[in-house]
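Following: one structure in structure tokens, then a few remarks.
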Amino acid sequence: MSGALKRTDFVQPREFKFSKENMKLVEAHIAKYPKGRQASAVMPLLDIAQRQNDNWIPEAAMEEIARLLDMTRIKVFEVATFYTMYNLEPRGKHHLQFCTTTPCWLMGSADVVKACEKHLGIHMGETTKDGQFTMTEVECLGACVNAPVVQRNGDEFYEDLTPDNVIPVIEALKAGKQPKIGSQTGRQTSLGPLGATSLAKQAHDTGNQIMGEPAPAKKAAKAAAVPTEPKDSTPTDTKPKGKKK
Amino acid sequence: MPKLTIDGLEVTVEPGTSIIQAVEQLGIEIPRFCYHDKLSVPANCRMCLVEVEKSPKPVASCAMPCADDMKVYTNSPMAQKARKGVIEMLLINHPLDCPICDEGGECDLQDQTVAYGFDRSRYREEKRAVKDKDLGPLVKTVMTRCIHCTRCVRFGEEIAGVEELGVLNRGEYLEIGTYIQQLVTSEMSGNIIDICPVGALTSKPYEFTARPWELRKTQSVDVSDAVGSNIRIDTRGGEVLRVLPRLHEDVNEEWISDKARFCIDGLKNQRLDRPYIRQNGKLQPANWPQAFEEIAKRLKGVKGERIGAVVGDLADCESIIALKDFMRTLGSTNIECRQDGAQFDASEPCGWRFNTTIAGIEKADAILLIGTNPRTEAALINARIRKTWLAKHIKIGVIGQQIDLNYPYKYLGAGPETLEELAKGKGAFADVLLKAQAPMLILGPGAVCRDDGLEIHALARKVAEKYNMLRDGWNGFNLLHTQASRVGALELGFTGGDLDKMLKGDVLYLLGADEIPVNRIGKDTFVIYQGHHGDRAAARADVILPGAAYTEKNAIYVNNEGRPQLAKQAVFAPGEAREDWKIIRALSEIAGKALPYDDIAQVRARLVEANPIFGAIDAIKPATWKPFGKDGDCDKSPFGEYIANFYMTDAISRASKVMAECTDAFEQGKKEKTGTHG
Ligand code: SF4
Ligand code: FES
Ligand code: FES
């Protein structure tokens, strides 16, 4: 989202070359597409460049990619500016992307943002003086079930955040440790608050494991906590019923 | 063939026709922004929505192909409501600064809002603003006005072949921009001004100059190259304010080059507006009788063979025939139009015309370019080649300079040797040409403006014959010219003189000839310069006769294909300047050899008598194939560059400030780029 953030306080490196190992990746990506269609590899190449270059893509890298893929520079630039996960300006070592779209916002993302801003002493769109953290606002990260969500460097999701449990994550990062990825409240993946409910009976009947429960060999009885009628197995009816809340 | 009903009218169309095209065939109007019949169809503006029976939603008519039994309603309540909605959305971020916008009065958004939109705004929120881009001295940008139709981007990609504009960012931040900060370097960039449906891209030189309803419009032809682009000259109060392209599918489609569009400010500078006579080494203002008498005096007693005449690049056919007749009455056959020293054989029309025709390029499947850079020599011919390449990926081979042509080609070699090999059937491109169904070659000025031009002309003919470029209904041999007057002068036989001898003769008549080697003119040669600009040759003249520029006379120009076209007078020539053929006619009388025509109709009758092609305006009479050129050895030196600076090639463009700015902005940059670029 380069339209939102325009920084001028940095220097564009004059040159960019893919490292030896990355060049192998680059070639592998190009090889995936038929000859003459190599431009299709532009997205993975931009990503590789960004990873190689401390989280951002300099102009020299776009020019190098244009050359490698035989595209015009403007075409590379179009792609690079379209996707918010390509950074065209230097970012902190930890680029924290806060989802503030409706589901996350309903679940309190605004408070999470505020807590982090206070803790780090920066605002959205800024980078801490020590170059450790950048905070940016992003649209739905596709993990709404575990809202609110923060993404780090485009790879890791921290979910189920609250103003309290987000600070330890930041502290761990600061200390160079790897915080737990995923839900910060301890729930397993996106399991609902009532545990496994939908399709539980069908899972039982077919001998499949139910999330949050031991393997089916033991045939745990509590699996059928919410009995479902066979006719309820249509997709629209498999959601937890509201009244059970 | 699909048969459908549109607004109750039945129509049968070619398969693949879109609804918007079918509707156009019926003469019904559908508003649109992104759709342009010469560009691809992105269908992103949604202005062209129509109702189609059985379709629950309105349909984008530009992208929907016609199908059997479709029932289309272009003006139903559903269609009207859809349009209103689209206009309202487009206006959300449009600044509504029409009173200070140059597009006002000819703006698609303005017109269509009045015709199809709401009569008031319901939007009370804030609007966004977009930073303007620097596209160079020709195109002014006000990017906040952009409605993201992407026509300009597609024009760059598809027609001009310079992918420099692009769609950056997304959503609220979406904007049209260039890579980092880059100028748009195309010979045809001005056309994005015309296709931009709003005031986002407007003409910089024309900025805040006039409103369209104040202008008088004159249909004419361009003379900045030999393509003969059809133009419209917009004038107000005797001043040419702008030039726009006029549709001619067989010549320029609906584009013109930047030089044709923007050199017009040169019409106001350095004009010759009264006769001059050299007295005591200095040019002194004079009147017409004095100037004529001075010439008549000098002509007296001079032998015909000591008199020579050269026509320049902007001369019209009427004045060429008048000058030719005048020279004949003076007993001189020293006449020449190839002032640049081009050495091709001028005896057969098939040898000097663009025989394939410009539209014919689209039928070609292999093109050989010899000593030419069509990009600067004939930008619209280059655009046709690119169009053909884009459509069919035809094979293109180049002998000569290795330059960026906006389409890929196979580089074969630098000079005549490569051509010789090809004539012997050797070389990589021989196979391509042999297999081609419709091969063509374009011989450029870089190949014939040299001492062995005649031999190269013959060699190119042999290549054309060997590779079967001449078949029924197909002539693949073309000689490319860059001068608007050249083909007309050749058709009228204004050749045969020895340029060197003429320069050293007693009397030299220059009809706007500025590209001759002025410094080689003999010390005692009496030079008559007839023309409209105080350019290179006027300074050497002994008598100056002020003529009219192409916007100031009714005249015929023959384009490269051999197509005579009419230029119409849009304004009056400045001061005492007169139409050129009339000057020669008047002079002939005072010199005692009055030419036998008194009005333009009689001159044109004389033109037809001299060459029947002048009888049919806008038509081409195919030339019959005959041998031309001279057998012999060619020099080994490579073909050179003919036009060093696209923006300054004639007296008008050299007098133009805008063209000077372009030279600074684009040509200089190009020079710096050489080596790493292309
Ligand atoms: S600048 Fe004009 S032509 Fe280009 S996208 Fe915007 S509105 Fe369309
Ligand atoms: S709304 Fe935040 S992840 Fe979807
Ligand atoms: S004209 Fe059809 S969508 Fe723009």
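Overview of results
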item: Qualifying residue in region B:251-264 (condition: within 30 Å of B:Asp542 (Cα to Cα) and crowded, with 20+ Cβ neighbours inside 10 Å); result: yes
item: Only listed residue being within 14 Å of chain B (Cβ to nearest Cβ), more than 16 Å from ligand 2 (Cβ to nearest atom) and not hydrophobic (A, V, I, L, M, F, W, C), chosen from A:Gly121, A:Gly131, A:Gly125; result: A:Gly125
item: In region B:173-191, residue nearest to A:Tyr83 (Cα to Cα) [restricted to those that are more than 9 Å from chain A (Cβ to nearest Cβ) and crowded, with 21+ Cβ neighbours inside 10 Å]; result: B:Ile176
item: Matching residues, region A:63-82, being in contact (Cβ under 8 Å) with a residue 12 or more places away in the chain and either at the interface with another protein chain (Cβ under 7 Å from one of its Cβ atoms) or not β-branched (Val, Ile, Thr) (or both); result: A:Glu63, A:Glu64, A:Leu68, A:Leu69, A:Asp70, A:Met71, A:Lys75, A:Phe77, A:Ala80, A:Thr81
item: Test for A:Lys129: is it at pLDDT 95 or above and more than 16 Å from ligand 3 (Cβ to nearest atom); result: no
item: B:Cys263 being touching a strand residue (DSSP E or B) at 6+ places or on another chain (Cβ under 9 Å), more than 14 Å from chain A (Cβ to nearest Cβ), within 16 Å of ligand 3 (Cβ to nearest atom) and modelled with pLDDT of 95 or more; result: no
item: Search result, residues across region B:608-640 that are surrounded by 15 or more Cβ atoms within 10 Å (Cβ to Cβ), assigned to a loop (DSSP other than H, G, I, E, B) and among the aliphatic types (A, V, I, L, M); result: B:Ile620, B:Ala623
item: Of residues in region B:156-172 being more than 17 Å from A:Arg73 (Cα to Cα) and touching a residue at least 24 places away in the same chain (Cβ under 8 Å), the one farthest from the other protein chains (Cβ to nearest Cβ); result: B:Ile159
item: Members of region B:470-503 found to be modelled with pLDDT of 95 or more and part of a loop (DSSP other than H, G, I, E, B), listed by number; result: B:Gly476, B:Leu480, B:His481, B:Thr482, B:Gln483, B:Ala484, B:Ser485, B:Leu492, B:Gly493, B:Phe494, B:Thr495
item: Which listed residue is in a helix (DSSP H, G or I) and free of Cβ contacts under 8 Å to residues at least 12 places away in the same chain, from B:Lys297, B:Lys324; result: B:Lys297
item: Options A:Phe18, A:Phe10; residue that is exposed (fewer than 13 other Cβ atoms within 10 Å of the Cβ) and more than 14 Å from chain B (Cβ to nearest Cβ); result: A:Phe10
item: For B:Phe118: the one exception among (1) touching a Lys or Arg at 6+ places or on another chain (Cβ under 6 Å); (2) modelled with pLDDT of 95 or more; (3) of a type outside the set (Val, Ile, Thr); result: (2)
item: Qualifying residue in region A:49-56 (condition: within 13 Å of chain B (Cβ to nearest Cβ) and closer than 30 Å to A:Tyr158 by Cβ); result: no
item: Verdict on B:Leu49 being in contact with a Lys or Arg (Cβ under 7 Å, 6 or more places away or on another chain) and modelled with pLDDT of 95 or more; result: yes
item: Condition check for B:Glu164: closer than 30 Å to A:Asn87 by Cβ and surrounded by fewer than 19 Cβ atoms within 10 Å (Cβ to Cβ); result: no
item: Conditions (1) more than 21 Å from the chain's Cα centre (by Cα); (2) small (Gly, Ala, Ser); (3) surrounded by fewer than 24 Cβ atoms within 10 Å (Cβ to Cβ); (4) over 30 Å from B:Glu239 (Cβ atoms); number of the one not met by B:Ala286; result: (4)
item: Per-region count, region A:145-154, residues crowded, with 23+ Cβ neighbours inside 10 Å and in a loop (DSSP other than H, G, I, E, B); result: 2
item: Residue list for region A:111-144, restricted to those being surrounded by fewer than 15 Cβ atoms within 10 Å (Cβ to Cβ) and within 18 Å of the chain's Cα centre (by Cα); result: A:Gly125, A:Glu139, A:Cys140, A:Gly142
item: Residue list for region B:130-163, filter: at positive phi and more than 10 Å from ligand 1 (Cβ to nearest atom); result: B:Gly136, B:Gly161
item: Complete set of residues in region A:91-107 that are closer than 30 Å to A:Ala60 by Cβ and surrounded by fewer than 19 Cβ atoms within 10 Å (Cβ to Cβ); result: A:Lys93
item: Qualifying positions in region B:527-540 - part of a loop (DSSP other than H, G, I, E, B) and crowded, with 24+ Cβ neighbours inside 10 Å; result: B:His532, B:Ala537
item: Verdict on B:Ala438 being surrounded by fewer than 20 Cβ atoms within 10 Å (Cβ to Cβ) and outside the structural domain of B:Leu499 (by TED's automatic domain parsing); result: no
item: Flag for A:Thr162 being within 16 Å of ligand 2 (Cβ to nearest atom), farther than 25 Å from A:Thr84 by Cα, modelled with pLDDT of 85 or more and among the β-branched types (Val, Ile, Thr); result: no
item: Selected residue [of a type in the set (Val, Ile, Thr) and either part of a helix (DSSP H, G or I) or within 16 Å of ligand 1 (Cβ to nearest atom) (or both)] from B:Val223, B:Val198, B:Val251, B:Val243; result: B:Val198
item: Residues located in region B:1-48, provided they are of a type in the set (Lys, Arg) and in contact with a strand residue (DSSP E or B) (Cβ under 7 Å, 6 or more places away or on another chain); result: B:Lys3, B:Lys38, B:Arg46
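The values are calculated or read from the model by the stated rules, or taken from the named source; none is laboratory data. Keep in mind that what you see is a predicted model, and the values were worked out from it rather than measured. Heads up, the Cβs are rebuilt from the backbone with ideal geometry, glycines too, and the neighbour counts pull from every protein chain shown.
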